[in-house]
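Read the structure below first, then the notes.
The values are calculated or read from the model by the stated rules, or taken from the named source; none is laboratory data. The structure presented is a predicted model; accordingly, all values stated were derived computationally and were not measured. Note: ideal-geometry Cβ built from the backbone for every residue, glycine included; neighbour counts use all protein chains shown. Only protein heavy atoms, including side chains, enter the accessible area calculation; ligands, DNA and RNA are left aside. Shrake-Rupley method; radii C 1.70, N 1.55, O 1.52, S 1.80 Å.
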Amino acid sequence: MQIERLVIATRNPSKVEYYRDILTQFASAVVGLNDLNVEGKPDEIGETAEQNAEIKAGFYSQKTRLPVFCEDESLQVDFLPQDEQPGVHVRRINGVDEVNDDKLLAHWEKIVAQVPEDKRTGRWHIAYCLAMPDGKAKTVSRDHEVLFFSPSSKVRLPGWPMSSLEGSTRFRKPSSEQTPEEKTLSKKLLAEEILIKFKELLV
């Protein structure tokens, strides 16, 4: 039995569109934060993707009194030393938080352009949390191996600038250039691998 409404804890339009297609198997309506009158946001003080996903999912579930799905990620690349890894601070450049899409993409374009093609590898560690209004929650995670490309793709996804620069090792091209068929396959595999584990909370 489907629940009536499920919230995706993001105002990122690309993320809402991507995860809505997957989560409609669980809910009659799947909405993003921009669809609701939700004020405030939590302090993402976690040191891991799991912790930040749980912070955000719990915060918005209590705010909305609805089931909330949240995704958070950290990035590890093989061409930077450990002390220069972006980790959970992918949007941070030189200590400045939440830079815009253009600045983030330009920053990484400069870095990747200097890396030999066969060394442009890395992985996203992605955490997914589902929090319920009654306080129950479940978190699962996966590692997603990626390649980086230079020059970056001219195809841009608002709110997801790194998708023009990196993509799955399965398709070997920037994520922003995936065909509709490739996107459908990616979502199907993700649903089977991870999100189905949330079903016990949603029935």
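If we keep just the residues of region 61-112 that are more than 30 Å from residue 200 (Cα to Cα) and among the acidic types (Asp, Glu), which is modelled with the lowest pLDDT?
Initially, region 61-112 is screened for residues more than 30 Å from residue 200 (Cα to Cα), giving 76-87, 89-112.
Okay, now just the ones that are also among the acidic types (Asp, Glu), so 78, 83-84, 97-98, 101-102, 109.
On the way: 78: 98, 83: 91, 84: 92, 97: 71, 98: 77, 101: 94, 102: 95, 109: 98.
Top of the filtered list is 97.
If a residue has to be of a type in the set (A, V, I, L, M, F, W, C) and touching a helix residue (DSSP H, G or I) at 6+ places or on another chain (Cβ under 6 Å) to count, how many in region 166-193 make the cut?
From region 166-193, those of a type in the set (A, V, I, L, M, F, W, C) are 171, 185, 189-191; that's our starting set.
Next, from what is left, pick out any that are touching a helix residue (DSSP H, G or I) at 6+ places or on another chain (Cβ under 6 Å): 171, 191.
Within region 166-193, residues that are of a type in the set (A, V, I, L, M, F, W, C) and touching a helix residue (DSSP H, G or I) at 6+ places or on another chain (Cβ under 6 Å) number 2.
If you take the residues of region 3-20 that are more than 14 Å from the chain's Cα centre (by Cα) and touching a residue at least 60 places away in the same chain (Cβ under 8 Å), which of them is farthest from residue 101 (Cα to Cα)? I'd like the intermediate steps shown before the answer.
Of the residues in region 3-20, the ones more than 14 Å from the chain's Cα centre (by Cα) are 3-7.
Next, only the ones that are touching a residue at least 60 places away in the same chain (Cβ under 8 Å) stay: 3, 5-7.
Values: 3: 34, 5: 30, 6: 27, 7: 24 Å.
Filtering region 3-20 for residues that are more than 14 Å from the chain's Cα centre (by Cα) and touching a residue at least 60 places away in the same chain (Cβ under 8 Å), the one farthest from residue 101 (Cα to Cα) comes out as 3.
Inspect region 139-147 for any residue being touching a Phe, Trp or Tyr at 6+ places or on another chain (Cβ under 6 Å), closer than 30 Å to residue 65 by Cβ and either in a strand (DSSP E or B) or not charged (D, E, K, R) (or both) and give the result as yes or no. Working first, answer last.
Filtering region 139-147 down to residues touching a Phe, Trp or Tyr at 6+ places or on another chain (Cβ under 6 Å) leaves 140, 144.
Next, from what is left, pick out any that are closer than 30 Å to residue 65 by Cβ: 140.
Checking the rest, the ones that are also either in a strand (DSSP E or B) or not charged (D, E, K, R) (or both) come to 140.
Yes, because at least one residue in region 139-147 is touching a Phe, Trp or Tyr at 6+ places or on another chain (Cβ under 6 Å), closer than 30 Å to residue 65 by Cβ and either in a strand (DSSP E or B) or not charged (D, E, K, R) (or both).
Among what's in region 116-132 and is open to solvent by 30 Å² or more (accessible area, probe 1.4 Å) and out of contact with any strand residue (DSSP E or B) (no Cβ under 7 Å at 6 or more places or on another chain), pick the residue that is nearest to residue 66 (Cα to Cα).
Checking each candidate, the answer is 119.
Please name all residue pairs, on different chains or six or more residues apart, with Cβ atoms under 7 Å, provided the first residue is in region 45-70 and is under 16 Å from residue 35 (Cα atoms) and of a type in the set (Lys, Arg) and the second residue is open to solvent by 10 Å² or more (accessible area, probe 1.4 Å) and outside any helix (DSSP H, G or I).
63/38; 65/133
In region 13-53, which residues are under 18 Å from residue 124 (Cβ atoms) and either among the β-branched types (Val, Ile, Thr) or open to solvent by 20 Å² or more (accessible area, probe 1.4 Å) (or both)? Break it down stepwise before answering.
Our first condition is that a residue be under 18 Å from residue 124 (Cβ atoms); within region 13-53, this holds for 14-15, 18-19, 22, 44, 46-53.
Listed by number, the residues that qualify are 15, 18, 22, 44, 47, 48, 50, 51.
Just checking, which of 91, 123, 156 is assigned to a strand (DSSP E or B) and not acidic (Asp, Glu)? It would help to see each step written out before you state the result.
Details: 91 fails: assigned to a strand (DSSP E or B); 156 fails: assigned to a strand (DSSP E or B).
Just one listed residue meets the conditions, 123.
Can you run down the residue pairs with Cβ atoms below 7 Å, 6 or more apart or on separate chains, where the first is in region 22-39 and farther than 18 Å from residue 71 by Cα and the partner is part of a loop (DSSP other than H, G, I, E, B)?
28/2
Just checking, does region 165-180 include any residue being open to solvent by less than 20 Å² (accessible area, probe 1.4 Å) and touching a residue at least 40 places away in the same chain (Cβ under 8 Å)?
Step one: filter region 165-180 for residues open to solvent by less than 20 Å² (accessible area, probe 1.4 Å), giving 165-168, 174, 176.
Among the residues that remain, those that are also touching a residue at least 40 places away in the same chain (Cβ under 8 Å) are: 165-166.
Scanning region 165-180 turns up at least one residue that is open to solvent by less than 20 Å² (accessible area, probe 1.4 Å) and touching a residue at least 40 places away in the same chain (Cβ under 8 Å).
Does residue 31 qualify as being in a strand (DSSP E or B) and of a type in the set (Val, Ile, Thr)? Write out each step before concluding.
Working: in a strand (DSSP E or B): yes; of a type in the set (Val, Ile, Thr): yes.
Judged against the criteria, residue 31 is a match.
Considering region 74-115 alone, what residues qualify as being farther than 19 Å from residue 143 by Cβ, open to solvent by less than 40 Å² (accessible area, probe 1.4 Å) and among the polar types (S, T, N, Q)?
If the condition is that a residue be farther than 19 Å from residue 143 by Cβ, open to solvent by less than 40 Å² (accessible area, probe 1.4 Å) and among the polar types (S, T, N, Q), then no residue fits.
Under the condition of being open to solvent by less than 30 Å² (accessible area, probe 1.4 Å) and among the hydrophobic types (A, V, I, L, M, F, W, C), which residue from region 133-164 is nearest to residue 193 (Cα to Cα)?
Among residues in region 133-164 that are open to solvent by less than 30 Å² (accessible area, probe 1.4 Å) and among the hydrophobic types (A, V, I, L, M, F, W, C), the one nearest to residue 193 (Cα to Cα) is 140.
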